[in-house]
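Enquirer: Next up is a structure, given as C-alpha cells.
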Amino acid sequence: MAEDIKKSEYLVEVKNLKEYFPVKTGFFKTTPLKAVDGVSFNIKPGETLGLVGESGCGKTTVGRTLLHLYKPTGGEFYFDGELVTEKNIHQLRKQMQMVFQDPYSSLDPRMTVEDIIGEPLDVFKLYDSKGDRHDKIMDLMQLVGLNAEHATRYAHEFSGGQRQRIGIARALAVNPRFIICDEPVSALDVSIQAQVINMFEEIQEKLGIAYLFIAHDLLVVHHISNRIAVMYLGKLVEIADADELNNNPIHPYTLSLLSAVPIPDPETARKSQRIILEGDVPSPMHMPSGCPFRTRCRYATEQCAQAMPELTSRGGDHMVACFNR
Amino acid sequence: MDMQNLKKNPFSLQIDPAKFEKATDDEKRQQDVMAESTTFFKDGMRRLFHNPLAVMAMIILAILIVVMIVAPMVVPYSYEEIITVEGVRDKAATNLAPFEFSQREQAFMEKYNVSVFPHIMGTDELGRDYFIRVVYGARVSLIVGVFASLMVLLIGTLYGAVSGYAGGKTDMIMMRIVDILYSLPDILIVILLAVVFKQTLDFSNIPIIGKLGTNMVSMFLVFGLLYWVGMARIVRGEILTIKENEYILAAKSVGASPAHIVWSHIIPNCLSVIIIMTAQEIPAAIFTESYLSFIGLGVALPMPSLGSLANAARSGMQSYPWKLVFPAVAIILIVLSFNLIGDAMRDAFDPKLKK
Ligand SMILES: Nc1ncnc2c1ncn2[C@@H]1O[C@H](COP(=O)(O)OP(=O)(O)OP(=O)(O)O)[C@@H](O)[C@H]1O
Ligand SMILES: [Mg+2]
C-alpha cells in the first residue's frame, strides 16, 4: 500500500481520452464520429466511479477504449502509474477486466460454463494442473453464486441473471484490480438487477476491486458508486461524489437527468418540476460548436457556442463543465 | 429526494420488498434444477432423428449405399463385359427385359440344370448386364457428388474465412471477384471448362487418379472451381456476424490471441453452417454430373454414369422404357434423399430457427 501512495493515489488515471470512429460518408470520404472526445477521470483502488449518460453518448466506447479493444485516437491512460500502451496491454489484462452489457451475446454459445470461465486462466496459464484449473473455476462459480454442478452446462441454458454472473466470474478469473462494468444489469429484470448489484458490492468488499460502473439508470449508479461522472455526447459534463451530485446537481444536463428519476412520494413529486429537454440529441457526426449540450440547454448563451467549457471545481471534488451555472 | 431511503432500497420505486417472502431452501433448490443438459450437437442430432422425412431419406440412402457396395461382389457380371455363355459372347442377349434370359442362357440352364444369375434390370443394347451398370453409375455419381462438395467445402471455407476475418479492403476485393464468378452463367462455364479439361488434361499416368478417368477428375475440378463461390459467400457472411458478437470482444479482453479466437470461437460457431452447406452441395453436384454426362461431357466410356445411361436409353425409349426408368429413378432417389437430409440438417442445426 505504501508504495501505491508514493506512485499515485489513483489506480486509474485517464487523461483526455479520445476515440473517433471513421464513418464512411461518401464513396471516398470518411468523417470522424467523435464517440469519446476528451474524457478525463481518476479512480482510487477499491473505489467505484459511476458513469451515466443517455444511450449513444459513448459510455461503452470509453470502457472498450481503456481496454484497447478499440485503438484509442488520443489521450493517456495510466494504470497504477504505468502508461497503458499497445505493448503492455496484454500483461495488464490480468489486472483489468470487463463485464459486458449484453449477457446473451457476450458468452460463446458453443462453450461450457467451465470453458468460458477458464478461458482467461488458459490464456495466462494461471494453473498448475487440470485439477487446479477445475478447483479455481469451482471457487469462482461459488463466489458469484452459481451452482458448481452446472459447470458443464452451455450458456444458453442459463437465465439472464445467471449469464451475467458467468460473465463476472470470467472477469474475476485473473484476479483483477479494476473491472469495467458496462451496464451489467440493464438487460435484467428489476428484481434480478438488485441481486446482481448486491453481488457486485459483496465482491468489491471481499476483493477490494475498483469499478468503473457504467449505467444509464441514475438510481442504480447512485446506489453502487462512490463518485459519479455524467457524460453527454462524448464529453464529461459533471463529476462529483454520489451524494453531492444528487443533492446539489449543477450542470443543466445533470439536473434534467435527476428530474427524470421517478419519485416515490407523490407529495414531493408534485412539488418538484420535471425538466423536459427540448429537441433531440445531436448526431455525434454533426456536433454543435462549443458546448455539445447548448442546443437543448435553457441557460445557453452566446459564449456556449464559442467554446467548450472546461471542467472546473465548484468546491472540493465537484467538477462541472458549464459557463452559466 | 430521500436519498437515504434510496440507498437502502435502491429499487423500492419499482418493487415493494414488503410484498415478497423469502424463498425457502426447497424452493431455491427447485430453481437450481435445470433441463437435461445437451450439447449443441446432441440437440441437433436428436432433432434430426425426430424428423420422419430425414430418417426415411437416411434409410433409403443407406440401402442404396449397401447395394452399391455389395452388388459388385454378388453379381457375376461386370459393367463393361458383354454377357458370355460358355465362353462365347452372346450376341442375342441385347436389350433383354428385366429378369429375362436370352435363348443361349436358357439352353445352357437346361443342359446343365443350373441357374444363371438373373439380369435384374435386363441388358443394354450391347448385351451388358444393366443392373450392374446402374450400380456403377450410381457409384460414380455418388463419388463425384461427395468429392466435388468436399472441394467446394475446402476452397469456399478457406476463401470465405480469409475474406470475412480480414475485412476491410481485402474483403472488398475478394468479394468482388466472387460477385463476378457468381454472375457468370454457370452451366455455360461448366460446359466450356468440361470441354477444355477433356482435351487438355491427361491424368491417365497418375496412379489412382488416372483410374478414375480424365473426365471424372476434370469434373471435380469444374465443380471445385465453380461452386465454391456460394460457400465462400455464406461462410464470409457467417464470420462477419460472428465477429460482431460480444464474446469475441470478451475473448480479446481476456487476452486471447487471434489464432485462439478463430480456432475456438469462430470456427465452432460457423461449423454447423458449413456442414449444412456441404450436405446441400452434394445433390447439386450429383445433379450437375448427371446433366453433364447426359449431354456427353461426363465420365469416360465404358465407365457408366447415371446421366450417360439415361442418355443412351433415350434412343430406344419407346421399345425399352425401363432402361430410362432405372437410372432416372436412381438419380431421383439419391438426389432427393440428400436434399431431404440437407434440409433436415439445416432445420435441426440452424441456431436461427431455434426457439
Ligand atoms: N465500432 C464502432 N464504429 C463506429 N461507430 C461506433 C462504434 N461503436 C460505437 N459507435 C458509435 O459511437 C457512439 C457511442 O456509442 P456507445 O456504444 O459507446 O454508446 P453507449 O453510451 O454505450 O450507449 P448505450 O447506452 O446504448 O450502450 C454511438 O453514436 C455509436 O453509434
Ligand atoms: Mg453501451
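Enquirer: Give me the dipole magnitude in Debye, nearest 20, for the stretch A:59-170 about the Cα centre, with unit charges on the beta carbon: positive for Lys and Arg, negative for Asp and Glu. Could you put the intermediate results ahead of the total?
Expert: Working: 15 positive and 16 negative charges, 57 e Å.
Approximately 280 debye in magnitude.
Enquirer: Sort the following peptides by mean Cβ neighbour count (other Cβ atoms within 10 Å, averaged over residues), highest first: A:312-323, A:59-70. Can you show the working numbers first?
Expert: Details: A:312-323: 16.6, A:59-70: 22.5.
Taking the mean over residues of other Cβ atoms within 10 Å, the ranking is A:59-70, A:312-323.
Enquirer: What residues have an amide H closer than 5 Å to that of A:Thr48, excluding those fewer than 5 places away on the same chain, when H is modeled at 1.01 Å from N in the peptide plane?
Expert: A:Tyr211, A:Asn226, A:Arg227
Enquirer: Follow-up. Given R₀ = 51 Å, FRET efficiency for A:Phe21-B:Val325 by Cβ-Cβ distance, to 0.05?
Expert: Numbers: r = 64 Å, r/R0 = 1.26.
FRET efficiency, A:Phe21 to B:Val325: 0.20.
Enquirer: Let me ask something else about it. Compute the angle between helix A:113-124 and the longest alpha-carbon principal axis of chain A, please, reported from 0 to 90 degrees and rounded to the nearest 10.
Expert: Taking the Cα atoms of chain A, the angle to A:113-124 is about 90 degrees.
Enquirer: Here's another thing I want to ask about it. Which whole-Hz ³J(HN,Hα) couplings does the stretch A:219-233 yield from phi under the Karplus relation 6.51 cos²θ - 1.76 cosθ + 1.60, θ = phi - 60°, glycine and proline marked x?
Expert: In residue order, the calculated couplings are 4, 4, 5, 4, 5, 9, 8, 7, 10, 10, 10, 9, 10, 9, 6 Hz.
Enquirer: Can you tell me how much longer the chain between B:Ala166 and B:Val67 gets when fully stretched, taken as 0.36 nm per residue apart minus their C-alpha distance, in nm with one decimal? Could the numbers behind the result be given before it?
Expert: On the way: separation 99, 0.36 × 99 = 35.64 nm, distance 4.66 nm.
Residue separation times 0.36 nm, minus the Cα-Cα distance, leaves 31.0 nm.
Enquirer: Oh, and also: Keeping all protein chains in place, calculate the accessible area per residue for the stretch A:180-325 (probe 1.4 angstrom), answer in Å². Spell out each step's value before the answer.
Expert: Details: 6640 Å² over 146 residues.
Ligands and nucleic acids excluded, the figure is 45 Å² per residue.
Enquirer: Using only protein heavy atoms and a 1.4 Å probe, report how much of B:Lys111 is accessible, in Å² to the nearest 10.
Expert: 140
Enquirer: Let me ask another. B:Lys91: which aspartates and glutamates have alpha carbons under 18 Å from its alpha carbon, excluding same-chain residues fewer than 8 sequence positions away?
Expert: Once the sequence-local aspartates and glutamates are set aside, what remains near B:Lys91 is B:Glu80, B:Glu81, B:Glu100, B:Glu105, B:Asp124, B:Glu125, B:Asp129.
Enquirer: Order B:Glu238, A:Glu238, A:Glu278, B:Glu100 by their accessible area, 1.4 angstrom probe, all chains in place, largest first.
Expert: Greatest to least solvent exposure: A:Glu278, B:Glu100, B:Glu238, A:Glu238.
Enquirer: Averaged over its residues, how many other protein chain Cβ atoms are within 10 Å of peptide A:223-230's Cβ atoms?
Expert: Values: counts 7, 1, 0, 0, 0, 0, 0, 0.
Average per residue, whole number: 1.
Enquirer: Rounded to the nearest 0.05, what FRET efficiency do A:Ser186 and B:Asp186 have when you use their Cβ-Cβ distance and R0 = 30 Å?
Expert: On the way: r = 49 Å, r/R0 = 1.64.
Step by step, r from the Cβ atoms, then E = 0.05.
Enquirer: Now a separate question. Given Cβ point charges of +1 (Lys, Arg) and -1 (Asp, Glu) and nothing else, what value in debye, to the nearest 20, does the dipole of chain A about its Cα centre take?
Expert: Working: 35 positive and 42 negative charges, 202 e Å.
So the dipole magnitude of chain A works out to roughly 960 debye.
Enquirer: Sticking with this one: If you take the accessible area of A alone, add that of B alone, and subtract the area of the pair, what total do you get in Å², probe 1.4 Å, to the nearest 100?
Expert: Values: alone 16140 and 21070 Å², together 33540 Å².
That pair hides around 3700 Å² of surface in total.
Enquirer: Might you work out the accessible area of A:Arg177 for me, using a 1.4 Å probe with all protein chains in place, and round it to the nearest 10 Å²?
Expert: Near enough 80 Å² of accessible area.
Enquirer: Give the accessible area for B:Val335 in Å² (nearest 10); use a 1.4 Å probe, count only protein heavy atoms, and leave out ligands, DNA and RNA.
Expert: 20
Enquirer: If you don't mind, another one. Please tell me which of these pairs span more than 32 angstrom C-alpha to C-alpha: A:Lys24/A:Lys125; A:Lys235/B:Lys252; A:Lys34/A:Lys87; A:Lys136/A:Lys235; B:Lys198/B:Lys243; A:Lys29/A:Lys94?
Expert: On the way: A:Lys24/A:Lys125 41 Å; A:Lys235/B:Lys252 26 Å; A:Lys34/A:Lys87 25 Å; A:Lys136/A:Lys235 40 Å; B:Lys198/B:Lys243 43 Å; A:Lys29/A:Lys94 39 Å.
Over 32 Å apart, Cα to Cα: A:Lys24/A:Lys125; A:Lys136/A:Lys235; B:Lys198/B:Lys243; A:Lys29/A:Lys94.
Enquirer: In debye to the nearest 20, how big a dipole does the stretch B:82-128 give about its Cα centre with +1 on each Lys and Arg Cβ and -1 on each Asp and Glu Cβ? All intermediate terms of the calculation are to be shown ahead of the outcome.
Expert: Numbers: 5 positive and 7 negative charges, 23 e Å.
Dipole about the Cα centre, nearest 20: 120 debye.
Enquirer: Applying 1/(1 + (r/R0)^6) with R0 = 41 Å to the Cβ-Cβ distance of B:Val55 and B:Val88, what FRET efficiency is obtained, to the nearest 0.05?
Expert: So the FRET efficiency works out to roughly 0.25.
Enquirer: Taking each residue in A:109-122, count the Cβ atoms of any other chain within 10 Å of its Cβ, then average. What number comes out? Walk me through the numbers on the way to the answer.
Expert: Values: counts 7, 12, 6, 2, 0, 0, 1, 4, 0, 0, 9, 6, 1, 5.
Going residue by residue through A:109-122 and averaging, the value is 4.
Enquirer: Then there's this: Give, as ranges by residue number, the residues of the stretch B:122-146 whose backbone N falls under 11 Å from the point 7 Å along Cα→Cβ of B:Ser315.
Expert: Of the residues in the stretch B:122-146, B:125-126 have backbone N under 11 Å from the label point off B:Ser315.
Enquirer: Please compute, for peptide A:89-96, the average count of beta-carbon atoms on other protein chains lying within 10 Å of each residue's beta-carbon.
Expert: Values: counts 2, 2, 1, 1, 5, 2, 0, 1.
Taking all residues of A:89-96 together, the mean is 2.
Enquirer: Right, another one. Net charge near A:Gly38: determine it from the other residues with C-beta under 14 Å of the C-beta of A:Gly38, scoring Lys and Arg +1 and Asp and Glu -1.
Expert: Numbers: positive: A:Lys15, A:Lys18, A:Lys34, A:Lys235; negative: A:Glu19, A:Asp37, A:Glu76, A:Glu310.
Result for the local shell: 0.
Enquirer: Let me ask something else about it. Please give the net charge around B:Pro118, taking every other residue with its beta carbon less than 13 angstrom from that of B:Pro118, where Lys and Arg add +1 and Asp and Glu add -1. If you can, show how the numbers build up before the last one.
Expert: Numbers: positive: none; negative: B:Glu100, B:Glu105, B:Asp129.
Charge balance near B:Pro118 sits at -3.
Enquirer: Just add up the charged neighbours of B:Ser293: K/R +1, D/E -1, any other residue whose Cβ is under 14 Å from the Cβ of B:Ser293. Display every interim value, and only then the final one.
Expert: On the way: positive: B:Arg133, B:Arg139, B:Lys198, B:Arg314; negative: B:Glu289.
Cβ neighbours under 14 Å give a net charge of +3.
Enquirer: Given a 1.4 Å probe and every protein chain left where it sits, what share in percent of the accessible area of the stretch B:269-348 is carbon and sulfur? Display every interim value, and only then the final one.
Expert: Numbers: 2290 of 3220 Å².
Carbon with sulfur: 71 percent of the solvent-accessible area.
Enquirer: Taking chain A as the reference, fit the longest principal axis to its C-alpha atoms, fit the long axis of helix A:190-207 to the helix C-alpha atoms, and give the angle between the two in degrees, 0 to 90, nearest 10.
Expert: Roughly 70 degrees, rounded to the nearest 10.
Enquirer: A follow-up question, please. Among B:Tyr165, B:Tyr130, what's the order by accessible area (1.4 angstrom probe), most exposed first?
Expert: Details: B:Tyr165 80, B:Tyr130 5 Å².
From most exposed to least exposed: B:Tyr165, B:Tyr130.
Enquirer: Please work out the Cα center distance from the stretch A:171-218 to the stretch A:286-304, rounded to the nearest Å.
Expert: For the stretch A:171-218 versus the stretch A:286-304, the Cα centre distance is 34 Å.
Enquirer: Can you give the accessible area per residue of the stretch B:137-353, in Å², using a 1.4 Å probe? Working shown, then result.
Expert: Values: 9900 Å² over 217 residues.
I get 46 Å² per residue for the stretch B:137-353.
Enquirer: Next up: Counting only protein heavy atoms and a 1.4 Å probe, tell me what percentage of the stretch B:82-128's accessible area is made up of carbon and sulfur.
Expert: On the way: 1510 of 2820 Å².
Roughly 53 percent of what the probe reaches on the stretch B:82-128 is carbon or sulfur.
Enquirer: Largest first, what is the accessible-area ranking of B:Met151, B:Met174 with a 1.4 Å probe? Numbers along the way, then the final one.
Expert: On the way: B:Met151 60, B:Met174 30 Å².
Largest accessible area first, the residues go B:Met151, B:Met174.
Enquirer: Could you look at chain A and say what percent of its accessible area is carbon and sulfur, using a 1.4 Å probe and all protein chains? If you can, show how the numbers build up before the last one.
Expert: Values: 7120 of 14410 Å².
Accessible surface attributable to carbon and sulfur in chain A totals 49 percent.
The values are calculated or read from the model by the stated rules, or taken from the named source; none is laboratory data. Since the model is a prediction, treat every value here as computed from it, not as a measurement. As a convention, Cβ positions derive from the backbone with ideal geometry for all residues, glycine included, and neighbour counts pool all protein chains shown. With ligands, DNA and RNA removed, areas are computed over all heavy atoms of the protein, side chains included. Shrake-Rupley method; radii C 1.70, N 1.55, O 1.52, S 1.80 Å.
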